[in-house]
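Take this structure first; my questions come after.
The values are calculated or read from the model by the stated rules, or taken from the named source; none is laboratory data. These figures come from a predicted structure and were not determined experimentally. As a convention, Cβ positions derive from the backbone with ideal geometry for all residues, glycine included, and neighbour counts pool all protein chains shown. The accessibility values were calculated without ligands, DNA or RNA, using every heavy atom of the protein model including side chains. Shrake-Rupley method; radii C 1.70, N 1.55, O 1.52, S 1.80 Å.
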Amino acid sequence: MFTGIVEELGEVVSLAGTSDDSALLTVRGPLVSEDAKHGDSISVNGVCLTVVDFGDGVFTADVMGETLRRSSLGGLSTGSPVNLERAALLGSRLGGHLVQGHVDGVGHIEKREPAAQWETVTFSLPVELSRYVVEKGSITIDGVSLTVTDVTEKSFSVGLIPTTLKLTTLGHKRIGDPVNLEVDVIAKYVEKMLRDPR
């Protein structure tokens with residue numbers, strides 16, 4: 001479980017295929033790997049990955065085919081910046097919202113509108129996810145917990161403050177770039193309970 005508060009902007013060292021349906025991802029992230037242990041969870045661009053090796057400021061994780069298909073991780077290359085967050089500790093502050101690191105879909109940046117102190121960014125929204133996204137609700141974009149400012153059936157917008165623009169990948173992405181989306185898990189549970197109240 002994560003909070004969507006990015007701890008470090010890391011860098012991909014390598015993404016190597018290990019078979020037709022999996023890959024090994026190595027990331028440079030001195031902060032998140034300083035206390036890493038085998039089996040720990042680290043969010044990489046919003047995807048919960050398990051540490052299989054670590055040392056000298058880098059960590060390595062297996063990425064299975066399901067993850068490559070349902071997220072944007074397969075498009076990473078050497079040098080790509082990535083948002084990193086270690087799993088939350090019980091008793092720590094919940095600065096964002098409850099984030100599982102389970103990507104629900106991939107959106108793309110449609111528009112960027114800079115203002116004096118922030119930037120409004122609009123993303124495409126897969127139709128099957130639109131029912132879970134509400135104005136003023138929480139959404140996770142590439143591992144960043146954000147508040148939805150506007151939503152339609154096919155897109156949504158968020159406001160990015162200078163800190164988010166500077167310290168996450170969202171400040172550097174361009175129109176058309178893919179992003180990993182995770183909707184608020186509470187909405188999915190509520191939907192299921194209303195549909196099947198047994």
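Just name the residue that is nearest to the chain's Cα centre (by Cα) out of those in region 82-109 that are open to solvent by less than 50 Å² (accessible area, probe 1.4 Å), within 13 Å of Gly4 (Cβ to Cβ) and small (Gly, Ala, Ser).
Out of the qualifying residues, it is Gly101.
I would also like to ask the following. Of the numbered conditions (1) open to solvent by less than 30 Å² (accessible area, probe 1.4 Å); (2) within 23 Å of Val158 (Cβ to Cβ); (3) out of contact with any helix residue (DSSP H, G or I) (no Cβ under 9 Å at 6 or more places or on another chain), Ala61 fails exactly one; give the number of that condition.
Single failed check for Ala61: (2).
Which numbered condition trips up Ser71, out of (1) out of contact with any Lys or Arg (no Cβ under 7 Å at 6 or more places or on another chain); (2) open to solvent by 40 Å² or more (accessible area, probe 1.4 Å)?
Unmet for Ser71, out of (1) out of contact with any Lys or Arg (no Cβ under 7 Å at 6 or more places or on another chain); (2) open to solvent by 40 Å² or more (accessible area, probe 1.4 Å): (2).
Restricting attention to region 148-194, report how many residues are touching an Asp or Glu at 6+ places or on another chain (Cβ under 7 Å), under 22 Å from Arg70 (Cβ atoms) and of a type in the set (A, V, I, L, M, F, W, C).
7
Suppose we filter Asp196, Asp177, Asp184 for residues that are of a type in the set (Asp, Glu) and buried (at least 19 other Cβ atoms within 10 Å of the Cβ); which single one remains?
Numbers: Asp196 fails: buried (at least 19 other Cβ atoms within 10 Å of the Cβ); Asp177 fails: buried (at least 19 other Cβ atoms within 10 Å of the Cβ).
The unique qualifying residue is Asp184.
Among the residues of region 60-81, which ones are assigned to a strand (DSSP E or B) and either among the small types (Gly, Ala, Ser) or within 20 Å of Gln100 (Cβ to Cβ) (or both)?
Going residue by residue through region 60-81, those that are assigned to a strand (DSSP E or B) are 60-64, 81.
The answer is Ala61, Asp62, Val63, Met64.
What residue, among those in region 110-138 that are open to solvent by 20 Å² or more (accessible area, probe 1.4 Å) and of a type in the set (Phe, Trp, Tyr), is nearest to the chain's Cα centre (by Cα)?
Of everything passing the filter in region 110-138, Tyr132 is nearest to the chain's Cα centre (by Cα).
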